[in-house]
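The values are calculated or read from the model by the stated rules, or taken from the named source; none is laboratory data. The structure displayed is predicted, hence computed values, not measured ones. Neighbour counts are summed over all protein chains in view; Cβ atoms, including those assigned to glycine, are modelled from backbone coordinates with ideal geometry.
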Amino acid sequence: MDQIDKILERDWDAANQRGQEALAAGPLAESAYYDQSTGKVVIELNNGIGLHIPPALIQGVEHATPADMAEIVIEGHGLGLHFPRLDADLYVPALARGVLGTSAWMRSLGRKGGISKSPAKAEAARKNGRLGGRPPSTEKKAVP
């Protein structure tokens, strides 16, 4: 066995070990479907928890039509979801942790939430203003 084969075998064994650890740690998808009545992707996990996620929040399926969402394939023993009509793949443990895309995608979701306007947000701002507004920073800034 030459050096390259030894490296490949070592890497293969390490990848298999990581895969076994991921399966043991879970959570894994037991079922997944698109619920047209709610407009959400529903994922039932092996730990008894169900996720109901609007596709507009999930990177890769954000512009999908209900027809695009009609077929969801569970892959990798429950670690992944594949949307054949969109050629999109999602990692179930990340979805269970609330990670719906890349860090840039998650930042964009946060920005959208931060600029939202609602009566409750306006009232909270007014209430905070009556209390004197945001407290001044106690952090001392270095003078250049």
- Failed item, numbered, when ASP11 is tested on (1) exposed (fewer than 12 other Cβ atoms within 10 Å of the Cβ); (2) under 30 Å from ASP68 (Cβ atoms); (3) modelled with pLDDT under 95: (2)
- Message: Of the residues ILE53, ILE49, ILE72, only one is loosely packed, with under 13 Cβ neighbours inside 10 Å and among the hydrophobic types (A, V, I, L, M, F, W, C); which?
- Response: ILE49
- Query: From the list ALA29, ALA88, ALA25, ALA67, which one is aliphatic (A, V, I, L, M), surrounded by fewer than 16 Cβ atoms within 10 Å (Cβ to Cβ) and closer than 25 Å to THR102 by Cβ?
  - Reply: ALA25
- Message: Of the conditions (1) at pLDDT 90 or above; (2) in contact with a helix residue (DSSP H, G or I) (Cβ under 9 Å, 6 or more places away or on another chain), ALA22 satisfies every one except a single condition; which number is it?
- Response: (1)
